[in-house]
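The values are calculated or read from the model by the stated rules, or taken from the named source; none is laboratory data. Note that this is a predicted model, so its numbers are computed, not measured. Cβ placement follows ideal geometry from the backbone for every residue including glycine, while neighbour counts extend to all protein chains displayed.
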Amino acid sequence: MTSLISHTTIDCADAYALSEWWKPVLGFVDLDGDPNLPGHEECMIRDPETLQSLLLVEVPEVKTVKNRLHLDLCPREGTREQELERLQAHGATVVADERGRYGPGTAWVVLADPEGNEFCLLRSPAEVDLGPPLSTQPCTTSTPR
Amino acid sequence: MTSFISHTTIDCADAYALSEWWKPVLGYVDLDGDPNLPGHEECMIRDPETDHQLLFIEVPDTKAGKNRIHFDLRPREGTRDEELERLLAHGASVVEDHRGKYGPGTAWVVLADPEGNEFCILRSQAEVDAQQ
């Protein structure tokens with residue numbers, strides 16, 4: 001007997017705004033027949049193919065420290081650089097730029113969403129296939145030791 | 001153009017111990033040909049069916065306050081209460097018990113893993129369907 005991860009919950013100040021922000025980042029959509037609307041305190045979005053789901057939930061407390069859990073993203077198409085440009089134009093901010101940490105072209109960029117939630121942008125699978133294996137390049141939002 | 005979630009990273013004090021703790025919770029396994037070993041500072045585990053992955057990474061900073069991101073679990077088989085019993089026997093601790101919040105049998109229990117990371121155990125999909 002085991003459990004499955006039904007969804008990942010992200011505490012936030014504005015669930016609707018943050019869910020709308022993440023939808024085009026990941027290509028996620030609202031649940032069928034249960035659209036998110038401004039003012040909703042809980043907004044679920046999901047991958048239309050895998051049904052992987054994120055639930056944005058409004059909480060009274062504000063973010064004070066670096067999140068201990070974060071999402072690691074890979075571009076579905078194109079390169080890390082192209083996706084970085086798209087995400088920055090979409091409002092993501094750069095927290096730490098680790099590109100090149102393991103040699104030319106390697107590693108990742110730590111970004112933050114509009115509420116400061118850290119996430120990493122890694123290379124696309126195609127880029128990884130052309131470079132060092134991903135397993136030698138764990139992503140961390142912490143300062144390298 | 002969009003991105004997909006490659007994996008979710010969990011900062012921790014002991015990556016190997018915490019990855020070993022979560023494996024039987026979720027039925028996850030080590031990566032093929034890349035077993036996690038004591039002392040490894042980064043330990044990836046994955047769902048053998050969906051390939052969903054979690055990466056445990058050791059960090060110098062300690063957990064401060066409630067995590068703003070958490071996993072919500074549903075039992076693959078059996079009931080929420082049976083799974084709760086199993087998780088408690090496995091070393092999870094109860095943070096908040098919300099069962100019954102929306103009427104008899106509803107809602108969830110907030111638990112914490114051995115490093116204090118909060119997660120929720122919800123009803124199984126069969127339990128939810130039976131109530132509707």
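Points to keep in mind about this one:
Residues are listed down the side, and each one gets a yes or a no for (1) of a type in the set (A, V, I, L, M); (2) touching a residue at least 12 places away in the same chain (Cβ under 8 Å); (3) more than 17 Å from A:LEU71 (Cα to Cα):
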position	(1), (2), (3)
B:LEU18	yes, yes, yes
B:GLY27	no, yes, yes
B:ASP30	no, yes, yes
B:LEU37	yes, yes, yes
B:HIS40	no, yes, yes
B:MET44	yes, yes, no
B:ASP47	no, yes, no
B:ASP51	no, no, no
B:LEU54	yes, yes, no
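- Residue in segment B:83-91 that is touching a residue at least 40 places away in the same chain (Cβ under 8 Å), closer than 29 Å to A:GLU61 by Cα and not polar (S, T, N, Q) present: yes
- Check on B:LEU73, assigned to a helix (DSSP H, G or I) and buried (at least 19 other Cβ atoms within 10 Å of the Cβ): no
- Residue within segment B:51-60 that is more than 7 Å from chain A (Cβ to nearest Cβ), over 15 Å from the mean Cα position of the chain (by Cα) and at pLDDT below 95 present: yes
- Hits in segment B:76-97 - residues which are within 11 Å of B:VAL25 (Cβ to Cβ) and buried (at least 19 other Cβ atoms within 10 Å of the Cβ): B:GLU83, B:LEU87, B:ALA92
- Restricting attention to segment A:14-43, the residues that are of a type in the set (A, V, I, L, M) and either at the interface with chain B (Cβ under 9 Å from one of its Cβ atoms) or within 19 Å of B:GLU118 (Cα to Cα) (or both) total 2.
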